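Peer 1: A single structure is presented below for examination.
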Amino acid sequence: LFSQPPHSDLVYLDNAATTHKPQIVISAISDYYLQHNANAGRSVHSLASKSAEIFEQSRKTIASFFGAKDQELILTRNTTEAINGVALGWARHQLETDDVILSTSLEHHSNLVVWQQVCAEKNAKLKLVNLTLDGQINQFDLQQQLKQHTPKLLAITHLSNVTGSYQDLQALVKIVKKVSPKTKILIDGAQSAGRIKINFDQLEIDFFAFSGHKMYGPMGVGGLLVKEKILIEDEMKPWLFGGGMIDQVNSQSSTFQLDPRQRFVAGTADVASAVGLAVACDYLTAIGMDEVLKHEQDLAQYTLEKLNVVEDLKICGSTKANESNEHLIGRLGPVSFVHHKYQAHDVAQVLDHHHIAVRSGHHCCMPLHSHCRWPATVRISFGVYSCHEDIEKLVEVVTHLDRYLS
Ligand code: PLP
C-alpha cells in the first residue's frame, strides 16, 4: 500500500519529519500529470478547465477534512510558509510599536524565528511562555502572560515535535477568551494534522498551519486555515503578488481579486500536489481519525512503558501517555530520549545500522533543548503503519547499546 523503502525490513520511526506516501497518493499525482496536466485557471481549453475543476475539488476535500470552509483554506508549500504568511499578510499590517506576540519556548523554529523577525521589523515584543522542567508548557505562566500583556497574537504548537505534549484546543481557547479575548490564536498544526481530528469551524482559533507531507501527502504542499471574518474584513492581505490573483493592473498600481480562493494564489498553482494531498485526506478519513489517534496513543504508551525500564535513558517530557491536567495538557508521540552514556547521533547511527530510522539532534527546537539542558535527543515518531514490533526491535537495540558503542 505504501511507497517501497530501500530495505524491505526498514523500521521507519521518523514520521514527525515526514511520512511515507500511500500508493494511491502517488498514483493520483501521476494520473493527474498523465491525463489532466494544464495550467489551472488560465486558458479556456477543455484540458485547462478540467485541471481547474480538479484543483477546486481537491481544495474542497482538503478544507472539509479540517472542518473548514473552502474559502478559508490558503494552500502553501508547508507549515513554515503558512506561518510566514500570517507574519507577512496579517502581523505586518496589524502590529504596532510595543504590541506583544506571545509564543512558547517549546516551539519549532518555524513558529519562533518568524516572530522574532516580524517583531524586530515592527518594534513589537516577543514574549515566551515558560516551560516546566520536563519541557511542558507552564499553564500557569501562559495565563499570567496573557493577562499581563494582552498580546495581539498567541502562536503556539498543538503537538510538540519533541515531547509529544499537546494542547487541548477547546480548553486553550476558553482561557484566551476569558483572559485576553482580543488575542488572535495561531496554532502550529504541523504534528497534529493527520493525527488529531481538527474541526476548524467549531474552534475559536484564527489560524491553523499544516504540512501535507507529514500527513501522507506529497512534499511541497501544506496550508493555512484562516477564519473567514479575517479575510472578509481585509485584516489579512495578500503577501505574494503576480499573475492569477489580480483584478485590474495598470502601469503603476493594481487591484486584487476579492475571492480568497484567487486572492492568495499568486502564480501557477501546484495542482498535482493538491490532488495528492486531497487523496491523503481521503485515505485518513477512510481509516477514521478516531482510529488514527487511538493508534498513536497506543504506540506512545507502549514505547514509554518499554523505554521507562531501559537503563541510562531519560525520557523527555511526560513519561505517561494521555496524562492530563484539566484537559489542557497531555502527551502522544513523538517520544524523545537522552542517553546518559551515549550521544544522540551515535545512538541513531547504531539504529540505522539495524535498519531502524529515527531522528537525532535538536529537531529545530534549540530553545527547548537549551532550557532542559538536553545536548541532543533521539526522537521516535509514529505513523499509521507503525506497530508494536517496530518498537520492540528499537528497544532491543537501545537496551544493548554497550555492545556497539562501548
Ligand atoms: N512546526 C512543527 C511542530 C514541526 O514539527 C515542523 C516540522 O517538523 C514544522 C513546524 C515545520 O514544518 P515544515 O518543515 O513542513 O514547514
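Peer 1: Over region 27-166, consider all pairs of different Cα atoms and compute the Kirkwood hydrodynamic radius from their mean reciprocal separation; express it in Å, one decimal.
Peer 2: 17.9 Å
Peer 1: Right, another one. Helix-derived [θ] at 222 nm for the chain: sum -39500 (n - 2.57) over DSSP H runs of at least 4, divide by residue count, nearest 500?
Peer 2: Taken over the chain, the calculation gives -11000 deg cm²/dmol.
Peer 1: Can you pull out the GluC sites (Glu not before Pro) in region 64-120 whose DSSP state is coil and whose Cβ has at most 11 other Cβ atoms within 10 Å?
Peer 2: Taking region 64-120 and a limit of 11 other Cβ atoms within 10 Å, the loop GluC sites (Glu not before Pro) found are E96.
Peer 1: Between L307, L351, G242, whose Cα lies farthest towards the positive end of the dipole of the chain when Lys and Arg beta carbons carry +1 and Asp and Glu beta carbons carry -1, centred on the Cα centre?
Peer 2: It is G242.
Peer 1: Which order results if R261, R379 are arranged by neighbouring Cβ count within 10 Å, fewest first?
Peer 2: Sorted ascending by nearby Cβ count, the order is R261, R379.
Peer 1: Also, quick follow-up: What span do the alpha-carbon atoms of region 218-338 cover on each of the three principal axes, reported in whole Å from largest to smallest?
Peer 2: Principal extents (Cα only, largest first): 70, 29, 27 Å.
Peer 1: Using square roots of five times the C-alpha gyration tensor eigenvalues, list the equivalent-ellipsoid semi-axes of region 44-107 in whole Å, biggest first.
Peer 2: The three semi-axes for region 44-107 are 33, 14, 10 Å.
Peer 1: Can you tell me the length gained on complete extension of the stretch K60 to N39, counting 0.36 nm per residue apart and subtracting the Cα distance?
Peer 2: Between K60 and N39, full extension yields an extra 5.7 nm.
Peer 1: Take Q257, project a point 7 Å from its Cα along the Cβ direction, then tell me which residues of region 74-113 have their backbone nitrogen under 17 Å from it.
Peer 2: Those under the cut-off are 74-77.
Peer 1: What is the calculated FRET efficiency for M219 to M289, with r their C-beta to C-beta distance and R₀ = 22 Å, to the nearest 0.05?
Peer 2: Once rounded, the FRET efficiency stands at 0.50.
Peer 1: Relative to 2.2 N^0.38 Å, what does the C-alpha radius of gyration of region 310-391 come to as a ratio? Two decimals please.
Peer 2: Dividing the Cα radius of gyration by 2.2 N^0.38 Å gives 1.15.
Peer 1: Using a 10 angstrom Cβ neighbour count of at most 15 plus a DSSP loop assignment to flag exposed chymotrypsin sites (Phe, Trp or Tyr not before Pro), which longest range of the chain is free of such sites?
Peer 2: In the chain, the maximal stretch lacking such sites is 1-240.
Peer 1: How compact is the chain by the rule of thumb for globular proteins, expressed as Cα Rg over 2.2 N^0.38 Å?
Peer 2: With N residues counted in the chain, Rg over 2.2 N^0.38 Å equals 1.01.
Peer 1: Now for a different question. How high is the FRET efficiency from D168 to N308, r the C-beta distance, R0 25 Å, rounded to 0.05?
Peer 2: Once rounded, the FRET efficiency stands at 0.55.
Peer 1: Give me R92, R59, R195, R403 ranked fewest to most by other Cβ atoms within 10 Å of their Cβ, as a rough exposure proxy.
Peer 2: Placing the least packed residue first, the sequence is R403, R92, R59, R195.
Peer 1: Once both labels are modelled 7 Å past Cα along the beta-carbon direction, what's the H388-D402 spacing in nm?
Peer 2: Distance between label points: 2.8 nm.
Peer 1: Right, another one. Please get the size of the charge dipole for the chain, origin at its Cα centre, with Cβ charges of +1 on Lys and Arg and -1 on Asp and Glu, quoted in debye to the nearest 20.
Peer 2: For this selection, approximately 780 debye.
Peer 1: What does the extension gain come out to for S49 and L133, with contour length at 0.36 nm per residue minus their alpha carbon separation?
Peer 2: Value of the extension gain: 24.6 nm.
Peer 1: Using a basic spin-label model with each label point 7 Å from the Cα along Cα→Cβ, how many nm lie between I26 and D98?
Peer 2: 5.8 nm
Just so you know, all these numbers are worked out from the coordinates, no wet-lab data involved. In this text, all values refer to a predicted model and were calculated from it rather than measured experimentally. No Cβ is skipped: glycine too gets one built from the backbone with ideal geometry, and neighbour counts run over all protein chains shown.
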